[in-house]
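Below: one structure, written as structure tokens.
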Amino acid sequence: MNWWAKGRQGYTANLDNAHQFTRAEIAEMQARGMRKTDKPWLCSYIDGKSARCVNVSFVSYDEMKEQESILLNETNNGWISVDDDLPNPEQEINYLDDNFEPKNFYLVQLKSGLIDTVYYATICNDCEYINVFISCTVNVRENRYFAQERGFNDYRINEVKFWQPMPQSPKERMNDNH
């Protein structure tokens, strides 16, 4: 339902922004002649029939995910449950393809408690494409991570409890000889 907005600002569906007419205002409007569609409703009656709702024009999934990510980082030291979210997989069609160089690296905590360094990729496993965390050793060159060795283990989603992006790589300090 739409209501006349406070301050003669058009119409609103938000009860908090709706004008609440006094009996005197209603009597004056009736004396001037009201449209058939303009009907006075008791506020107590409408309040009892109202429910919380969401206006779809005000919601953004990306914004929500960003807020969720910030909240998870604040409340769980940056660890993200695989039940809540997963990273975007890289495409490594042939498992351990020598020409493939992963770009994003993560830490995972397995359900066994082990923490490992991995990348996340889509691979072909017996002609079925699956997303897996693939164990690797990383090296730092030019302030970036690179996979030095990879493929020791691959972990299915059901084996992983938490994950988080690798922190920024350490930057080399210039030796100033002081």
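The values are calculated or read from the model by the stated rules, or taken from the named source; none is laboratory data. As the structure is a prediction and not an experimental result, all values here were calculated from the model. Reconstructed Cβ throughout: ideal geometry from the backbone, glycine too, with neighbour counts over all protein chains shown. To get the accessible areas, we keep the full protein, side chains included, count just its heavy atoms, and leave off ligands, DNA and RNA. Shrake-Rupley method; radii C 1.70, N 1.55, O 1.52, S 1.80 Å.
Among the residues of segment 115-166, write down those that are surrounded by fewer than 17 Cβ atoms within 10 Å (Cβ to Cβ), of a type outside the set (S, T, N, Q) and under 17 Å from LEU86 (Cβ atoms). Residues satisfying the conditions are TYR129, ILE130, ARG156, ILE157, GLU159, LYS161, PRO165, MET166. For beta carbons closer than 8 Å, sequence separation of 6+ or different chains, a first residue in segment 124-145 that is assigned to a strand (DSSP E or B) and a second that is surrounded by fewer than 10 Cβ atoms within 10 Å (Cβ to Cβ), the qualifying pairs are VAL140/PRO170.
Could you go through segment 47-64 and let me know if any residue there is of a type outside the set (A, V, I, L, M), open to solvent by 100 Å² or more (accessible area, probe 1.4 Å), without any contact (Cβ under 8 Å) to a residue 24 or more places away in the chain and outside any helix (DSSP H, G or I). Scanning segment 47-64, I find at least one residue that is of a type outside the set (A, V, I, L, M), open to solvent by 100 Å² or more (accessible area, probe 1.4 Å), without any contact (Cβ under 8 Å) to a residue 24 or more places away in the chain and outside any helix (DSSP H, G or I), so the answer is yes.
Scanning segment 86-97 turns up no residue that is among the aromatic types (Phe, Trp, Tyr), open to solvent by less than 40 Å² (accessible area, probe 1.4 Å) and either at pLDDT below 90 or touching a Phe, Trp or Tyr at 6+ places or on another chain (Cβ under 9 Å) (or both).
Each residue in segment 104-123 was checked for being within 24 Å of the chain's Cα centre (by Cα) and not in a strand (DSSP E or B), and 3 pass.
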